[in-house]
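Before any comments, here is the structure.
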Amino acid sequence: MAKIIAVNAGSSSLKFQLFEMDNEEVITSGVIERIGFDDAIFTIKYQDQKNKEILPIKDHQAAADLLLDTLIKKHIVSSLDEIKGVGHRVVQGGSYFDSSKIMDDYVVSKIDELKVLAPLHNPHHLTGYYAFKKAIPNAGAVAVFDTAFHQTLEKRCYIYPIPYKYYEENMVRKYGAHGTSHFYVSHRAIELMGNPEHSKVIVAHLGNGASLTAVKDGISVNTSMGFTPLAGIMMGTRSGDVDPSVIDYLVENIGLTMPEVIHMLNKESGLLGISGVSSDFRDVQQAALQGHERAKLALDIFFRRVIAYIGRYFIALGGIDAICFTAGIGENSAYARKEICDLLTEALGVEIDQEANENGQGDRLISTPNSKVKIFVIYTNEELVIARDTKKLLNL
Ligand code: ADP
């Protein structure tokens, strides 16, 4: 009985899911938030119960120790030796990694080197790695990279049209993100289509962070995020694509500093920036229903930026067999799916089955038999991919 824990360590949080790998069952899951504060929040779900505790947690080591102690105290595991592997989500694997890897010295050194590309993520993934290594030294550790699935992009898709030396000397290129989700969802769609030899799939991962990927025969051929997750479609608080001259204009003429502009583009833009209401899709939708003009505009721009990428990828793929909706908005909002699909009807012959869209459950087809493109709702499961890769690489 191999148990594997999938870990997502952020700057002040640590999300986890513990799997029993024999049947891929989630035994427990949860999150520790506000690490470093006296009022950190530890939420753990176990056997249909949800426990929430507020307590001081000084650092990631304390968070990992608390989590593992709790697993013992609640008899979720009888000994920590039952946990044979720890799978770590790693946001940035650069050009080094096209698949998950056992975290040996080389892998750790590259994750460290790549912190210049992901300063808000990679250092914290390593902090999480060291914390678990110390707490359960006998468990193997595997890094699962958000960028790995997109390493199949051809050069003509990942090189920016700026002087080539910045790619050669400074690692500037498109890397993409959400790769684990795009991999899982596209492969699930291919499975639901009966595993055809050839397939052209677009995955719309629409959460607070959002991206689209074009997947041909199971391989990522293009994706909307870029050098960082700031690029692509509009998101909860991120702008997505804007003319870079806006940055220069705001710095030179309006007096913002560069860090202020970057903060604005990452944290104050998107749904929040346009609506002025919220970054949360549900709040913006609610305001729009009540007639809030900027909330309506925010949703309109969000939908149009999604279909713009679908149009691009339709051309790039030479057609589309399926479009998959996933993540918080994609999985839960029948309204968002309908608005996006309605905008595709005239050009692509998309037709939605309202009943399946609004009242269906789980992974499902929501297009009619007449629709020229199949439309799927698929529940993403990045943690399961992390656990599966960890099991495979550690030979468990
Ligand atoms: P992330 O993982 O990027 O933080 P999620 O995938 O959890 O984000 O998605 C969060 C988004 O999903 C929020 O904008 C939220 O409003 C939206 N969302 C969640 N549930 C619903 C729902 N029932 N209807 C509409 N939007 C929803």
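The helices (runs of 4 or more DSSP H) found entirely in the range 333-396 that carry 1 or more residues being in contact (Cβ under 8 Å) with a residue 60 or more places away in the chain are 334-348, 382-393. Just one of the numbered conditions (1) open to solvent by less than 30 Å² (accessible area, probe 1.4 Å); (2) touching a residue at least 40 places away in the same chain (Cβ under 8 Å); (3) not in a helix (DSSP H, G or I) is not true of Pro229: (1).
Looking across the range 343-361, the residues that are open to solvent by less than 30 Å² (accessible area, probe 1.4 Å) and within 16 Å of the ligand (Cβ to nearest atom) come down to Asn357, Gly360.
If we keep just the residues of the range 318-342 that are open to solvent by 30 Å² or more (accessible area, probe 1.4 Å) and away from the ligand (no atom under 14 Å from the Cβ), which is farthest from Asn195 (Cα to Cα)? Among those that are open to solvent by 30 Å² or more (accessible area, probe 1.4 Å) and away from the ligand (no atom under 14 Å from the Cβ), it is Asp342.
Yes/no per residue for (1) at pLDDT 95 or above; (2) open to solvent by 10 Å² or more (accessible area, probe 1.4 Å); (3) over 13 Å from Leu14 (Cβ atoms):
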position: Gly30; (1), (2), (3): yes, yes, no
position: Ile35; (1), (2), (3): no, yes, no
position: Phe42; (1), (2), (3): yes, no, no
position: Tyr46; (1), (2), (3): no, yes, yes
position: Ile57; (1), (2), (3): yes, no, no
position: Gln61; (1), (2), (3): no, yes, no
position: Ile83; (1), (2), (3): yes, no, yes
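Taking the stated definitions as given, is Thr237 in the same structural domain as Glu331 (by TED's automatic domain parsing) and under 22 Å from Val261 (Cβ atoms)? The answer is yes for Thr237. Cβ separations smaller than 7 Å between residues 6+ apart or across chains give the following pairs from the range 265-277 residues that are within 21 Å of Tyr249 (Cβ to Cβ) to residues that are within 14 Å of the ligand (Cβ to nearest atom) and open to solvent by 50 Å² or more (accessible area, probe 1.4 Å): Leu265/Arg238; Asn266/Arg238; Ser269/Arg238; Gly270/Arg238.
In the range 1-114, counting only strands (runs of 3 or more DSSP E) that sit wholly within it, the ones holding 2 or more residues that are farther than 21 Å from His178 by Cβ and free of Cβ contacts under 8 Å to residues at least 40 places away in the same chain span 25-33, 40-46, 49-55.
Conditions tested, residue by residue: (1) hydroxyl-bearing (Ser, Thr, Tyr); (2) within 16 Å of the ligand (Cβ to nearest atom); (3) within 29 Å of Ser95 (Cα to Cα).
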position: Gly236; (1), (2), (3): no, yes, yes
position: Ser245; (1), (2), (3): yes, no, yes
position: Asn253; (1), (2), (3): no, no, no
position: Val261; (1), (2), (3): no, no, yes
position: Asn266; (1), (2), (3): no, yes, yes
position: Gly276; (1), (2), (3): no, yes, no
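In the range 364-381, what residues are open to solvent by 40 Å² or more (accessible area, probe 1.4 Å) and within 16 Å of the ligand (Cβ to nearest atom)? Spell out the reasoning first.
Step one: of the range 364-381, the residues open to solvent by 40 Å² or more (accessible area, probe 1.4 Å) are 365, 369-370, 372, 374, 379, 381.
Matches in the range 364-381: Tyr379, Asn381.
Sub-8 Å Cβ pairs linking a first residue in the range 296-307 that is in the same structural domain as Ile340 (by TED's automatic domain parsing) to a second residue that is open to solvent by 50 Å² or more (accessible area, probe 1.4 Å) and in a helix (DSSP H, G or I), at least 6 apart or interchain, are Leu299/Glu339; Phe303/Glu339; Phe303/Leu343; Arg304/Leu343; Ile307/Leu343, ordered by first then second residue.
Okay, residues lined up against (1) of a type in the set (Gly, Ala, Ser); (2) open to solvent by 70 Å² or more (accessible area, probe 1.4 Å); (3) assigned to a strand (DSSP E or B):
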| site | (1), (2), (3) |
| --- | --- |
| Ala177 | yes, no, no |
| Glu197 | no, yes, no |
| Val201 | no, no, yes |
| Ser220 | yes, no, yes |
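Out of contact with any Ser or Thr (no Cβ under 6 Å at 6 or more places or on another chain) and under 24 Å from Gly140 (Cα atoms): is that true of Glu25 in this structure? Break it down stepwise before answering.
Numbers: out of contact with any Ser or Thr (no Cβ under 6 Å at 6 or more places or on another chain): yes; under 24 Å from Gly140 (Cα atoms): yes.
So Glu25 fits the description; yes.
The values are calculated or read from the model by the stated rules, or taken from the named source; none is laboratory data. Predicted model only: the values in this text are computed from it and were never measured. Positions of Cβ are generated from backbone atoms using ideal geometry, with glycine treated the same way; all protein chains shown enter the neighbour counts. Just the protein is used for accessible areas: all its heavy atoms, side chains included, with ligands, DNA and RNA removed. Shrake-Rupley method; radii C 1.70, N 1.55, O 1.52, S 1.80 Å.
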